[in-house]
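Asker: Provided herewith is a single structure, encoded as structure tokens, for subsequent inquiry.
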Amino acid sequence: MARKRDDEWTNVESLIALLSHGYTDEVRAFTKGIQANPSAVTGFERLFKLLNAEGKIDWAGTESQQAAMARAEESAQELDDFLEGMTHPFETYVLVLNHGHEIIVETGWHDDVAGPVVWDRWASDVDDPVMAYADIGFLFDKPDYRCEPKTAEKPAPPLYRYHPERFKAYRDYAEPVGKLYRQRVDPATGMLTIDQLNEIARHMSTELNQRSLRFPRKRKESHPQPSLVIEAEQTLATAYGRFIQAGRQIIDFPPALTEMLAETDIDDIPMNSINLPYASQYLYFGPQPSLEIEPDWLVDGAYVEQRGASGDVRFTVTAVPHEQALSAQWYLFPEVEYTQDFVGEFRSMDLATAIDTVLSSRLAELMKRRALAGGDITATLEEAATESGMALPAGVSVVDVSPTLAAVRDDITRRRHPVYKAALQLVVNALCYVAAYPEDIDTVWPEGTPDSLKQKALHGKGKEQMRAKSKLTALGYVPVHICGKRVAEQRTHRGIPAHGHVATHWRRGHWRNQVHGPARSLRKLIWVMPVVVGSKHPDEPEAGHVYLVS
């Protein structure tokens, strides 16, 4: 029997004849012939729906088609239950993406206010994507079909380990934030105007809303409050912008040096004795198992930036998730961070006092917010609007959740503070090291940097060099300042183990403000390094004191 052309099946009688014997080889040949033509598939679905409604066919699909139908029916019922009582107009939809034997099914609704909102999304293996689509289309107001290759997941950036690079890789709004800081924010202070802050918030909230609406609403019941996501993003976005403005300065502290800095006391160092090498820098220590700031989130570094003409400082501690996928889902789960400003009188305090005093102020403010009434404030707002000659939109109610959120933030602050305090001690020790021993810093391109571009970036002339650096940045490669070469050499020379074993422990180090210069009028930081004491073998000597001198 000669094969019919696809367009011949648009005749109702011939379509009834085609489908009357169930899912035959002829049906399969027909659907395979039209699967790459969405308009033909859409026309087939309409006729299929009509013939079913009029009882002219009684379709029973294959096992995989029936399974797809059952899953779609379940999603449609859940969606109807969720939308019950919604006052403004909406239409439900289903989208079937044909990737071959796998289909992606997405259900949701078109909202006149919010636009398209995803309710559910799942993958399913079916023997015939076209028949699966035709079978489930009638359940929704607006069915849609597309045939396209499966989208590959965006790979992690090559320098994922550094927070600025993973922040940039997963957020489109990172680029306009960096541009705003480079072109319009005062580099001497890093302070934003209200309009600039609102512009950053607008870029961030637009992308956050778009991504959030594309994530199935059904799965959001147990997710954190969106306001917590916004709060974390605002903190990280401004830290990132200042970092870009200062020239992308990443300072990497290898494990051996990080371990020793963690064993050094810093509490009695005044904040104003610490000189920052750049207006902003990101200090990287790697994930610290002893600094789990939230379950499965380990502190891995911190932004340190000068704030204001007075030399005030802001610290923003970052953390890396155990599951890398969480970095890409920043719009759903607030990225774990902890930020603290040291301004005015706090800069003359020692570190421990400054940290605890700022914490007390933060908790006192949260306590005031928790004491507010909250709840439904629609009537109050309507009264205020009427007095100003305005009116709230009809049917809108407003609930003040600030007391509830203040309680959540209070819990977060108290829970994270001990880890933050230990992390900040490590950060300040690192800054002291950079200030005291600048000659122990090498600037390198990270391993994996494309060699041809790296050579042009290092040795090229003029525009060639600039283009190479620009291409490397676009590919996710930036030069990094590596600290601690001398420490590693001295530890090896002295026989200090990379990590203490059972019979050894650290004698903590400290910083000494040593006088020097004309008439001994100047001071510089000298690190009395921590010492490994004890040994596995009684005859083995202690490592002894080691001094780094500049």
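The values are calculated or read from the model by the stated rules, or taken from the named source; none is laboratory data. Note that this is a predicted model, so its numbers are computed, not measured. All Cβ positions, glycine included, derive from the backbone under ideal geometry; neighbour counts span all protein chains shown. Ligands, DNA and RNA are excluded from the accessible area calculation, which covers all protein heavy atoms including side chains. Shrake-Rupley method; radii C 1.70, N 1.55, O 1.52, S 1.80 Å.
Asker: How much length is gained on full extension from Ala422 to Ala60, taking 0.36 nm per residue of separation minus their Cα-Cα distance?
Answerer: Full extension from Ala422 to Ala60 adds 123.8 nm.
Asker: Residues of the chain: accessible area per residue at 1.4 Å, in Å²?
Answerer: With all protein chains present, the chain gives 51 Å² per residue.
Asker: Next question, about the same structure. Between segment 75-108 and segment 302-325, how many Å separate their Cα centres?
Answerer: Taking the Cα centre of each part, segment 75-108 and segment 302-325 sit 41 Å apart.
Asker: Which value in deg cm²/dmol, rounded to the nearest 500, describes the helix-derived mean residue ellipticity at 222 nm for the chain, given -39,500 (n - 2.57) per DSSP H run of n ≥ 4 and division by the residue count?
Answerer: -13500 deg cm²/dmol
Asker: For helix 25-34, report the angle its Cα long axis makes with the longest principal axis of the Cα atoms of the chain; keep it between 0 and 90° and round to the nearest 10°.
Answerer: Roughly 60 degrees, rounded to the nearest 10.
Asker: Return one number: the angle in degrees, 0 to 90 and rounded to the nearest 10, between the long axis of the Cα atoms of helix 194-213 and the longest principal axis of the Cα atoms of the chain.
Answerer: With rounding to tens, the tilt is 40 degrees.
Asker: Counting Lys +1, Arg +1, Asp -1, Glu -1, what net charge surrounds Lys461 among other residues with beta carbon under 13 Å of its beta carbon?
Answerer: Net local charge, Lys461 excluded: +3.
Asker: For segment 239-303, evaluate the Debye formula with one uniform point scatterer on each Cα (no solvent term) and list log10 I(q)/I(0) at q = 0.21, 0.23 Å⁻¹, rounded to two decimals.
Answerer: -1.07, -1.15
Asker: With a 1.4 Å probe and every protein chain kept in, tell me what percent of the accessible surface of segment 98-218 is carbon plus sulfur.
Answerer: Accessible surface attributable to carbon and sulfur in segment 98-218 totals 52 percent.
Asker: Run the simple label-point estimate for Val533 and Thr404 please: 7 Å along Cα→C-beta, distance reported in nm.
Answerer: Taking the simple label geometry, Val533 and Thr404 are separated by 5.4 nm.
Asker: How high is the FRET efficiency between His510 and Glu102 when r is their beta carbon distance and R₀ equals 60 Å, given to the nearest 0.05?
Answerer: Efficiency at R0 = 60 Å is approximately 0.45.
Asker: Ok, one more. If you build the Cα gyration tensor of segment 206-344 and take the root of 5 times each eigenvalue, what three semi-axes come out, in whole angstrom, biggest first?
Answerer: 30, 19, 13
Asker: Could you calculate, for segment 156-279, the ratio of the Cα radius of gyration to the Kirkwood radius, expressed as Rg to Rh?
Answerer: Rg divided by Rh gives 1.04.
Asker: Okay, next question. Kindly express, to the nearest 10 degrees and within the range 0 to 90, the angle between helix 226-245's C-alpha long axis and the longest C-alpha principal axis of the chain.
Answerer: In the chain, helix 226-245 runs at an angle near 50 degrees to the longest axis.
Asker: Identify the residues of segment 147-164 with backbone N under 18 Å of a label point that sits 7 angstrom from the Cα of Ala474 along the Cα-to-Cβ direction, or state none.
Answerer: 155, 157-159
Asker: Run the dipole for segment 45-167 about the Cα centre, Lys and Arg Cβ at +1, Asp and Glu Cβ at -1, nothing else charged, and hand back the magnitude in debye, nearest 20.
Answerer: Using Cβ point charges on Lys, Arg, Asp and Glu, segment 45-167 gives about 600 debye.
Asker: How much accessible surface area, in Å² rounded to 10, belongs to the heavy atoms of Thr151 with a 1.4 Å probe?
Answerer: Answer for Thr151: close to 110 Å² accessible.
Asker: Gain in length, Lys524 to Leu50, computed as 0.36 nm per residue apart minus the alpha-carbon separation, to one decimal in nm?
Answerer: Extra length available between Lys524 and Leu50 comes to 162.1 nm.
Asker: Measuring from centroid to centroid over Cα atoms, what is the spacing of segment 126-151 and segment 181-200 in Å?
Answerer: Each part's Cα centre sits 48 Å from the other's.
Asker: Regarding the chain, what are the three Cα extents along the principal axes, ordered largest first, in Å?
Answerer: Largest first, the chain extends 106, 67, 56 Å along its Cα principal axes.
Asker: Find, to one decimal place in angstroms, the Kirkwood hydrodynamic radius of segment 169-228, where the mean of 1/r is taken over every pair of different Cα atoms and then inverted.
Answerer: Computed over Cα pairs of segment 169-228, the Kirkwood hydrodynamic radius comes out at 13.4 Å.
Asker: Rounded to the nearest 5, what is the percent of antiparallel bridges among the DSSP beta bridges in the chain?
Answerer: Roughly 85 percent of the beta bridges in the chain run antiparallel, per DSSP.
Asker: So for segment 1-122, Kirkwood radius off the Cα pairs, Stokes-Einstein at 10 °C and 1.306 mPa s: how many µm² s⁻¹?
Answerer: Reported coefficient: 97 µm²/s.
Asker: Continuing with the same structure: Between Asn198 and Glu73, 0.36 nm times their residue separation minus their Cα-Cα distance comes to what?
Answerer: Stretched out fully, the Asn198 to Glu73 stretch lengthens by 40.6 nm.
Asker: Any idea what the alpha-carbon Rg over 2.2 N^0.38 Å comes to for segment 64-117?
Answerer: Cα Rg divided by the expected 2.2 N^0.38 Å: 1.29.
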